[in-house]
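Novice: Just passing along the structure, written as structure tokens.
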Amino acid sequence: MLKIKNVNTYYGQVHALKNVSLHMSAGEIVTLIGANGAGKTTLLNSLSGIVPPRGGEILFQDVPITNLAPHKIVKMGISQVPEGRQIFKPLSVEDNLELGAYLYHRAKAEKERTKKTADMIYELFPILKERRKQLAGTLSGGELQMLSIGRALMARPRLLLLDEPSMGLAPIVAQEIFQVIENLSRESETTILLVEQNARAALKMAHRGYVLETGRLILEGMAADLLENKEVQRAYLGKDKKEIWER
Amino acid sequence: MTKEKRQIFVFLIFALVLLTIPFLLRESYLLNVLVFIGIHTMLAVALNLLLGYAGQISLGHAAFFGIGAYMSGILTTRFALDPWLVIILAALSAAAIAFIIGFPILKLKGHYLAMATLGFGIIFYIIFNETVGWTGGPSGLSGIPNLQIGGIIFDNDICNYYLVWIITIAVMLLSINLSQSRIGRALRAVHDSEVAARVMGINAWVLKVQIFTISAFISAIAGSLYAHTMTFVSPTSFGFNFSVELVTMVVVGGLGSIYGSFLGAAILTVLPEFLRVFEDFDIIIYGLMLILINMFMPGGLISGFQLLAQKVALKIKGK
Amino acid sequence: MDNLYQYLLTGLSNGAIYALIGFGFAIIHNATGIINFAQGEFVMLGGMLALFFLVFCGFPLAPSIILSILIATVVGIIFERLAIRPLKNAKPIRLIIITIGASIFIRGAAMLIWGKDTHALPAFSGNDPLYIAGATIMPQHLWIFAVTILVIFSSRLFFNHTIIGKAMRACAYNAQAASLVGIDVRIMVMLSFSISAAIGSLAGIIIAPLTMTSYDVGIMLGLKGFCAVIIGGMSSGLGTVMGGLLLGLLEALGAGFISAGYKDAIAFIILLLILFFRPEGLFGKKETERV
Amino acid sequence: MILKVANITKAFGGLTALDDVSLGVATGSITGIIGPNGAGKTTLFNIITGLYTQTSGEVYLENKKISFFSPEALAALGLVRTFQNVELFGQMTVLENVMVGSHTKSSSGFLSCAFKFPRQIKEEKLIREKSMRWLEFTDLDDHAEMRADNLPFGKSRLLEISRAMALEPRVILMDEPAAGLNSRETLQLAKLIRQIKELGITVVLVEHDMDLVMDICETIVVLNLGKKLTQGTPREIQENPAVISAYLGVS
């Protein structure tokens, strides 16, 4: 469904992604883990067209999307739940969701389906329904995250990109969010690419995983295998002093 | 030749050429235009210190020019003070006003700074117009005496030319020196990254106020010279349009280049003279120049000249 | 007492115009972070174009107004496309200079096309004063109030209740997030320029019968509009209206009771005081530090 | 303790970015501050260096209270920082960038600069020589006359460090100095930071490159969700279960 071939991305002069290749099949949950600054967010932003890659190719359902503008990529069926939620705080919860379905705003025929999606989201996150007239700026961190996921789902994406949904959340709230993501994948057959710092939680839920270190993919495999892998811990917490001496 | 020696050499040639012009060219119309170029150069250099070096815009600089001109005009015609003393007084008062207004104004950034300086300029324009008892209002103030030194009265083109250009060249020299010193570096640092400049121990706010003050000081001197050479001033010379014209000179010539300011002043002073044939075209061409130079030549015309000079130098070396 | 009434009326109608122009500033600023120094030129274009169609071409009132607004809007779009979009990530100083350049250019073009004369646009509904509750009022004043209320009302409707309006607000708040939900940010920026040009030119048309119009009226009107939006606060639509009305009233009272000559200075003194002491405006919210 | 942070709390609107954080930095040490994204590391840096104002709490430099000091005042006291995104003076030459670093160590005023008084010429020469030495320190002397924004990224990080060193600081705070560097450059950076320490300068760094942090830091402070999780030697940190779960998640 998604094929990333040898993607190279730069932030200004910083070479943030080096020859990254990755693939996903429909219905999968794939997680991308790695320490801060490894390039996880950059990869998602390259996929979404915010930081277009300078080299390589991205194919989505066999269509190249490498240099499309972000709004066109959304139209292709890829939605991102960005790092830090990025909710439109001066607008109400309802309006945020409505904007999530922006790409259907011209099609009268889609109105019914959009309403259904909204109902589905309110069912998923009942608290959002309660607060739907409230300004989004008044929500708590966990609620904002739910809204951000909800907003992305409004576009009815085939591929959902989630960027650190647990960031800055208390463990119990994070767990709740993870639960929802898992249900989502099972029930709606949405393909999910999950970037997480909380590697254990992510690997437990995912089918497969990739480990990114300073812009390079260093490991890939079945999630269960990665969970046991010492290398994964090393990628987060660094080499032992001993290893460094040996280098 | 070291870089430093080359710079001195270029400056000497520049000064020499300007100071010999009256020997070659006796036509009073052209000398008059050159006197204007001198005054405009002074103003453009003053504004460039603020806009090109420190990166802070002022859309009200005509006010300081006007303060200098009116102070000179009023104090010499109504109080019969010595014109030379008055020039110093005028420059000091413009500097004092800039210093006081500078603290609140230079807390503002970007567009807000632009609008605040603009408002400040317009307030002074209105004052020049409305304090009829002092300034003569819209009909202006005439009978301003010429400067004199010893027995020489600066009432003819050649005298005025030397008066204006000796001071202009001095202003340029001092500004070049300043721009290459620790102060100049601090100014450019504030321009490029204010936060990094502050982390390096530069008090950006105070520095901006200081350069604003100096800029006002120079602009007022230009204003005084203008008043004494023209012997007549009226508010139209000190309005918003002139402030914008000054910004145009600096941008067209080249932000952060003292010679660029001369170039910009020269072009914008000469242009209307040429365009007289096509009356009224000047304003539209100013607008176009501002847009095009800003979009395609952010370094101003002087950067084009420098590139050309480098290419020529390379060719010569190559041969 | 008669005078006071007259001042209040003039103040309010000028204030309404300032508010409309200020609206234009705020729309572009909120969408792009740019203060468009050419805003006043849209106002001028409105007046001059209406004059051109109505007086020189002899068109009826309604088509003249519509045509004028359309043309001014197209100018706004062209301006955005040619001068603003290529400089997307430029520093404010370059954007300031470019909008100043555009303002000079538009003004110069207007002067070449229509000359330097000052013209009066005929009032929309004649010049016979109306008597309401013992007070007199010119029909044009009523037009101004009606149009202002209509514009404010419809823009509230647009920004709060249509998807495009909400999308524009979303863009203003966070352009990247907006693009991630499928909004084409460039279109929204272009839209902000066109709406702003349309409102500005409309303001120019309805004020022209009262104040006369010429190629250079844009500077002062534009600046007053900016004062209005600064007084009210960039972030608040209703604040801009209040700011405009307050400015208009203070000006009119100042001109009436203090001195007509200093009328314009009042606006700029208020502008400086607000910028120095309450840069978020009287009715705006303070921006909090970003994390 | 050259630098002490006592009970710092910082709230942005409703969000508490830092919650009662205290830590001390030993004189002459290399101290690392680590933590997952959103832990508040950069916020803490911005408070120490005067770019943000804390909601409550104090900062001390050698027992002198420096809370709410401006960045320029802190620079004069010998506290300097580098930036995550590298804040150079792009339109100036590499050498001029470092020369700006000498600002607090020089004193010529407007008049002596404009008129080139002999004292100013002498001072200018001294600044130039000293700055060249700091460029040699980071191996950038060959690039002295280049425009700073033409430098490749790795070198611009080094330039930022040279410039900070020209201030002759007592404490240098580095915000992610290895971000964007390749592994060879990172090794060079590690060597450089050790050299800085040998000059008697205290180094504090926020860094994500754990190899680097574990390699050079003597003490590591871990922040998580705005709170201080723990503080210890690299070995202790690597083996601390709380740290592992903060990074890898709860098992």
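Novice: Counting only residues 5 or more places away or on other chains, whose amide H sits under 5 Å from the amide H of A:Ala16 once H atoms are built in the peptide plane?
Specialist: Those lying under 5 Å, H to H, from A:Ala16 are A:Thr9, A:Tyr10, A:Tyr11.
Novice: Within 10 Å of each residue's Cβ, count the other Cβ atoms and sort A:Arg216, B:Arg198, C:Arg169 from fewest upward.
Specialist: A:Arg216, C:Arg169, B:Arg198
Novice: How large is ³J(HN,Hα) for each residue in the range A:126-137, as worked out from phi by the Karplus curve 6.51 cos²θ - 1.76 cosθ + 1.60 (θ = phi - 60°), to whole Hz, x for Gly and Pro?
Specialist: With coefficients 6.51, -1.76 and 1.60, one gets x, 4, 5, 5, 4, 9, 5, 8, 6, 5, 4, x Hz.
Novice: Return the long-range amide H neighbours of D:Ala11 (sequence gap of 5 or more, or a different chain), with a cut-off of under 5 Å between placed amide H atoms.
Specialist: D:Ala17, D:Thr55
Novice: Per residue of the range B:215-230, in order, report the coupling 6.51 cos²θ - 1.76 cosθ + 1.60 (Karplus, θ = phi - 60°) as ³J(HN,Hα) in whole Hz, putting x for Gly and Pro.
Specialist: Rounded to whole hertz, the list is 4, 5, 4, 5, 4, 5, 4, 4, x, 4, 4, 4, 4, 6, 7, 7.
Novice: Still on this structure, please answer the following. With respect to the cross-link table entries D:Lys116/D:Lys155; B:Lys3/D:Lys116; D:Lys10/D:Lys64; D:Lys155/D:Lys197; B:Lys3/D:Lys122, which display a Cα-Cα separation exceeding 23 Å?
Specialist: Over 23 Å Cα-Cα: D:Lys116/D:Lys155.
Novice: Also, I was wondering about something else. If you bin the C-alpha pair distances of the range B:28-318 every 5 Å from 0, what whole percents do you get?
Specialist: 1, 6, 12, 16, 18, 17, 13, 8, 5, 2, 1, 0, 0, 0
Novice: Below 8 Å between Cα atoms, with a sequence gap of 6+, how large is the relative contact order for chain A in percent?
Specialist: For chain A, the relative contact order is 27 percent.
Novice: What is the calculated FRET efficiency for B:Tyr29 to C:Leu61, with r their C-beta to C-beta distance and R₀ = 45 Å, to the nearest 0.05?
Specialist: 0.30
Novice: Given only helices, namely DSSP H runs of n ≥ 4 each adding -39500 (n - 2.57), what is the per-residue ellipticity at 222 nm of the protein assembly as shown, to the nearest 500 deg cm²/dmol?
Specialist: Taking each H run of at least 4 residues, the total per residue is -19000 deg cm²/dmol.
Novice: Here's something else I'd like to know. If we count other beta carbons within 10 Å of each Cβ, what is the order of C:Ile164, B:Ile202, fewest first?
Specialist: If I rank by nearby Cβ atoms, fewest first, I get C:Ile164, B:Ile202.
Novice: Normalised by the number of residues in chain D, what is the relative contact order in percent for Cα pairs under 8 Å and 6+ residues apart?
Specialist: Value for chain D: 27 percent.
Novice: List the pairs from B:Lys311/C:Lys91; A:Lys72/C:Lys88; A:Lys18/A:Lys204; A:Lys40/D:Lys191; A:Lys133/A:Lys204 whose alpha-carbon separation is above 25 Å, in the order I gave them.
Specialist: Long pairs (Cα-Cα over 25 Å): B:Lys311/C:Lys91; A:Lys18/A:Lys204; A:Lys40/D:Lys191; A:Lys133/A:Lys204.
Novice: How far, in degrees from 0 to 90, does helix A:141-153 lean away from the longest principal axis of the Cα atoms of chain A, to the nearest 10?
Specialist: The answer is roughly 80 degrees.
Novice: Within the range C:73-122, which trypsin sites (Lys or Arg not before Pro) sit in a loop by DSSP and count at most 12 neighbouring Cβ atoms inside 10 Å?
Specialist: Those that pass, being in a loop and sparsely packed, are C:Lys88, C:Lys116.
Novice: Moving on to the next point. Taking 0.36 nm per intervening residue step and subtracting the Cα-Cα distance, what contour gain separates C:Ile77 from C:Leu238 on full extension?
Specialist: Extra length available between C:Ile77 and C:Leu238 comes to 55.4 nm.
Novice: Moving to a separate point now. Rank C:Asn89, C:Asn36, C:Asn14 by mean-square fluctuation in a GNM of chain C with C-alpha springs under 10 angstrom and give only the top-ranked residue.
Specialist: Taking springs between Cα atoms under 10 Å, the residue moving most is C:Asn89.
Novice: Hey, can you grab everything whose amide H is under 5 Å from the amide H of D:Thr82? Only 5+ residues off in sequence or another chain; H modelled, so Pro and N-termini drop out.
Specialist: D:Leu173, D:Met174, D:Asp175
Novice: Sort A:Ser46, B:Ser237, B:Ser243 so the one with the fewest other Cβ atoms within 10 Å of its own Cβ comes first.
Specialist: Ascending number of Cβ neighbours within 10 Å: B:Ser237, A:Ser46, B:Ser243.
Novice: Next up: Using only the alpha-carbon atoms of the range B:129-219 as identical scatterers, what base-10 log of I(q)/I(0) does the Debye formula give at q = 0.12, 0.15, 0.25 Å⁻¹?
Specialist: The computed values of log10 I(q)/I(0) come out as -0.66, -0.81, -1.19.
Novice: If you don't mind, there's one more thing I want to ask. May I ask for the Kirkwood hydrodynamic radius of the range B:62-127, worked out over all distinct Cα pairs and given in angstroms to one decimal?
Specialist: Computed over Cα pairs of the range B:62-127, the Kirkwood hydrodynamic radius comes out at 12.8 Å.
Novice: I would also like to ask the following. Given axes a ≥ b ≥ c from the Cα gyration tensor, I'd like to know whether the range A:100-194 is rounded (a/c under 1.5), prolate (a/b larger than b/c) or oblate.
Specialist: Here the range A:100-194 falls in the oblate category.
Novice: What shape does the protein assembly as shown have by the C-alpha gyration tensor, where a ≥ b ≥ c are the square roots of the eigenvalues, rounded means a/c under 1.5, and otherwise prolate means a/b greater than b/c and oblate the rest?
Specialist: Oblate, since a/c reaches 1.5 and b/c is not below a/b.
Novice: Work out from phi, with θ = phi - 60° and the Karplus expression 6.51 cos²θ - 1.76 cosθ + 1.60, the ³J(HN,Hα) of each residue of the range A:28-39, listed in order in whole Hz, and give x for Gly and Pro.
Specialist: Running phi through 6.51 cos²θ - 1.76 cosθ + 1.60 with θ = phi - 60° gives 7, 10, 10, 10, 10, 10, x, 5, 4, x, 7, x Hz.
Novice: Net charge near B:Thr231: determine it from the other residues with C-beta under 15 Å of the C-beta of B:Thr231, scoring Lys and Arg +1 and Asp and Glu -1.
Specialist: Within the 15 Å Cβ shell, the charges total -1.
Novice: Using a cut-off of 10 Å between beta-carbons, work out the net charge of the residues near D:Gly38 (Lys and Arg +1, Asp and Glu -1, D:Gly38 not included).
Specialist: Every neighbour counted, the sum reads -1.
Novice: Ok, one more. How high is the relative contact order of chain C, in percent, with contacts defined as C-alpha pairs under 8 Å that are six or more residues apart?
Specialist: 36
Novice: Looking at chain C as a GNM with Cα springs under 10 Å, which of C:Gln176, C:Gln140, C:Gln39 has the largest mean-square fluctuation?
Specialist: Highest fluctuation of the listed residues: C:Gln176.
No value in this document is a laboratory result; all are computed from the given coordinates. All values derive from a computational prediction rather than experimental measurement. Here Cβ is always computed from backbone atoms with ideal geometry, including for glycine, and neighbour counts include all displayed protein chains.
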